[in-house]
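**Q** Let me give you the structure first, and then I'll get to my questions.
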Amino acid sequence: MTDIFGRCRAWSAYRAQLDPAIYPYFRSIASRQDGTEVEVDGRRLIMAGSNDYLGLSCDPRVIDAAARALARFGTSCSGSRLLNGTLTLHEELESEMARFLGRSAAVVVTTGFQTNLAVAALLDRDSVVFADRHNHASLVDAVQLGASKHRRYRHNDMAHLRHLLETTESAGSRLIITDGAFSMGGDICDLPQIVKLAQMHSARVVVDGAHDVGLLGERGRGVAEHFGVEEQVDLVITTLSKCFGSLGGVFAGPAEVIDYARHHARSIVFAASLPPANVAAALAALRILESEPERRRRAFQVAEQLNNGLRAVGFNTGDSVTPVVPVRAGSKLECLRFWSELFAAGIFVNAVLPPAAPEGTAVIRITLSALHTDQHIDRIIEECTAVGRRLGFIPSTPPISFERVKMACSV
Ligand SMILES: Cc1ncc(COP(=O)(O)O)c(C=O)c1O
């Protein structure tokens, strides 16, 4: 018989061999993350690895709203939304988010991950889910929880999606599920084609707007607003941990679907509700997001500056059109070296290794905030160039020409 802890022992042995200098995870930060700089091991680093795209997590108005809710309601609701965990504040955020997203109803959930898991409540063995291969892990898990059939189409490959829709028999319901902006690549889904195919094949469409709600579209309503196809999208999910400077998630759509989800989704029913301070922070962030579109503009401006600056010296940044800027960084070990040299040079980015990135194509994921200054961006480009040249990722002289990126910005 094998010991269930055996795998942990094997992992510990593997971990013990890793050079701590190039181990990029669980680095503890000793300061607030004000969107641009942090303190790690007594050093000041440029934070270029946070998802606080609009720089709202340390905005004084957001902190003040959270502090007032903390003083009024305490630290926790100590119970599920269904039972004792619903505050008037949750209901206020739900109606504000439904209005903002142009949906008839919304439910606030404790994390973005749990919000995606709630999709499982709509699925059964007869359902077929068609999902982009680069979808977030929480959507993959939702499909597994729902026990439905899972057909994964090649990333953003509409011919493949069409083929799967045409060739998959189903007696039950069909659902196409996709990230709006992809969390690792910073590219966006081909939503106009997806909704067209959904109509042709009687499928519902769910979009996880974790990285696009708050950023894309004229009013920040996400990728569906960006493409002008909001009415053809059935459900919108977003997290509150990125553009809303908080924690939590929102599931928005037709009132009957939201009411069903809040009574049946296990990740909602069997979990304590979002703490009051986080609800109030998200509400305050929503107000700022709507009244200060210049934040969205700035987030895209710095992203464009960085993306083109990196391309100009020869880096491959893929198809990113958002403040998530991935830099292809070769093998696992090459990526870790790249990461550790940037870290030593004072730049905090994220190393994304397989299986989170495709095998052989590890990625340095750089994420920006509306609060980064031009000087921050110049420094990031400068350090990436120096390290990239030293490690042979890019040539020692810039290429003669490069293709400039145009961001998916509508403001
Ligand atoms: C696309 C996507 N969906 C959902 C989530 C989960 O959100 P949260 O971390 O707020 O729980 C993430 C988190 O990174 C994400 O990138």
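Where a number appears in this text, it was derived from the coordinates with a stated rule and is not lab data. Every value quoted in this text rests on a predicted model; they were computed, and no experiment measured them. We place every Cβ from the backbone using ideal geometry, glycine too, and count neighbours over all the protein chains shown.
**Q** Against the longest alpha carbon principal axis of the chain, how many degrees, from 0 to 90 and to the nearest 10, is the axis of helix 255-264 turned?
**A** It works out to around 80 degrees.
**Q** Which of Phe130, Phe348, Phe227 ends up with the largest GNM mean-square fluctuation for the chain, with Cα atoms connected below 10 Å?
**A** Maximum fluctuation in the GNM of the chain, among the listed residues, is at Phe227.
**Q** Okay, moving on. Once you keep just the Cα pairs under 8 angstrom separated by 6 or more residues, what percentage relative contact order results for the range 227-266?
**A** Values: 30 pairs, mean separation 12.0, N = 40.
Relative contact order, the range 227-266: 30 percent.
**Q** Report, to the nearest 10°, how far helix 294-312 tilts away from the longest principal axis of the Cα atoms in the chain, using its own Cα long axis and a range of 0 to 90°.
**A** 40 degrees
**Q** Taking the alpha-carbon set of the chain, what are its Rg and Dmax in Å?
**A** Using the Cα atoms of the chain, the pair Rg, Dmax is 21.5, 64 Å.
**Q** Something else: Which angle from 0 to 90°, rounded to the nearest 10, does the C-alpha axis of helix 191-200 make with the longest principal axis of the chain?
**A** Its long axis makes an angle of about 30 degrees.
**Q** In addition: Under 30 Å from the Cα of Lys149, which lysines turn up, not counting those fewer than eight places away in the same chain?
**A** Lys196
**Q** Additional query: How charged is the neighbourhood of Arg133? Take every other residue with its Cβ under 12 Å from the Cβ of Arg133, and add Lys/Arg as +1 and Asp/Glu as -1. Provide the component values of the computation, followed by the final result.
**A** On the way: positive: Arg151, Arg152, Arg154; negative: Asp132, Asp157, Asp179.
It works out to a net charge of 0.
**Q** Something else: Arrange the following residues from fewest to most other Cβ atoms within 10 Å of their Cβ: Glu218, Glu225. Let's see the in-between values first.
**A** Details: Glu218 12, Glu225 22.
Sorted ascending by nearby Cβ count, the order is Glu218, Glu225.
**Q** Right, next: Hey, any idea what Rg/Rh is for the range 60-291, computing Rh the Kirkwood way over Cα pairs? Write out the running numbers ahead of the final one.
**A** On the way: Rg = 17.2 Å, Rh = 17.7 Å.
That ratio equals 0.98.
**Q** Same structure again: How high is the FRET efficiency between Gln199 and Arg27 when r is their beta carbon distance and R₀ equals 56 Å, given to the nearest 0.05? Intermediate values should be presented prior to the final figure.
**A** Working: r = 46 Å, r/R0 = 0.83.
With R0 = 56 Å, the Cβ-Cβ based efficiency is 0.75.
**Q** Hey, got the dipole for the range 60-291? About the Cα centre, +1 on K and R Cβ, -1 on D and E Cβ, debye to the nearest 20?
**A** Working: 22 positive and 25 negative charges, 81 e Å.
Dipole size: approximately 380 debye.
**Q** Within 10 Å, Cβ to Cβ, of Cys58, how many net charges do the neighbouring residues add up to if Lys/Arg are +1 and Asp/Glu are -1? Provide the component values of the computation, followed by the final result.
**A** Working: positive: Arg32; negative: Asp34, Asp52, Asp59.
Charge balance near Cys58 sits at -2.
**Q** Dipole of the chain (Lys/Arg Cβ +1, Asp/Glu Cβ -1, origin at the Cα centre): which of Leu18, Ile176, Ile400 lies farthest to the positive side?
**A** Farthest towards the positive end: Leu18.
**Q** Now for a separate question. Relative contact order of the range 132-245, please, whole-number percent, based on alpha carbon pairs below 8 angstrom and at least 6 residues apart.
**A** Details: 166 pairs, mean separation 24.1, N = 114.
With pairs under 8 Å counted, the relative contact order is 21 percent.
**Q** If I build a Gaussian network model for the chain, linking alpha-carbon pairs within less than 10 angstrom, which residue out of His155, His372, His163 has the largest mean-square fluctuation?
**A** Fluctuation is largest for His163.
**Q** How big is the gap, in Å, between the Cα center of the range 145-184 and the Cα center of the range 1-46?
**A** Answer, in whole Å: 35.
**Q** Can you give the net charge of the other residues whose Cβ lies under 15 Å from the Cβ of Gly228, counting K and R as +1 and D and E as -1? Mind dumping the intermediate values first?
**A** On the way: positive: Lys196, Arg219, Arg221; negative: Asp190, Asp212, Glu218, Glu225, Glu230, Glu231.
Around Gly228, the charge tally is -3.
**Q** Relative to 2.2 N^0.38 Å, what does the C-alpha radius of gyration of the range 138-215 come to as a ratio? Two decimals please.
**A** Taking N as the residue count of the range 138-215, the ratio is 1.09.
**Q** If you don't mind, there's one more thing I want to ask. Can you give the charge dipole size of the chain about its Cα centre, rounded to the nearest 20 debye, using +1 on the beta carbon of Lys and Arg and -1 on the beta carbon of Asp and Glu?
**A** On the way: 43 positive and 45 negative charges, 132 e Å.
Taking the Cα centre of the chain as origin, the dipole is about 640 debye.
**Q** Further question on the same structure: Can you pull the one-decimal nm distance between simple spin-label points at Glu231 and Met158, each 7 Å off the Cα toward Cβ?
**A** 2.0 nm
**Q** While we're looking at this one, here's another question. For Ala71 and Arg266 in the same chain, what is the full-extension length gain: residue separation times 0.36 nm, less their Cα-Cα distance, in nm?
**A** Details: separation 195, 0.36 × 195 = 70.20 nm, distance 3.00 nm.
Additional length available on full extension: 67.2 nm.
**Q** Specify whether the C-alpha gyration tensor of the range 144-184 places it in the rounded, prolate or oblate class, a ≥ b ≥ c being the square roots of the eigenvalues: rounded for a/c under 1.5, otherwise prolate if a/b is larger than b/c and oblate if not. Walk me through the numbers before you get to the answer.
**A** Values: a/c = 2.48, a/b = 1.26, b/c = 1.96.
Taking the square roots of the gyration eigenvalues as a ≥ b ≥ c, the range 144-184 is oblate.
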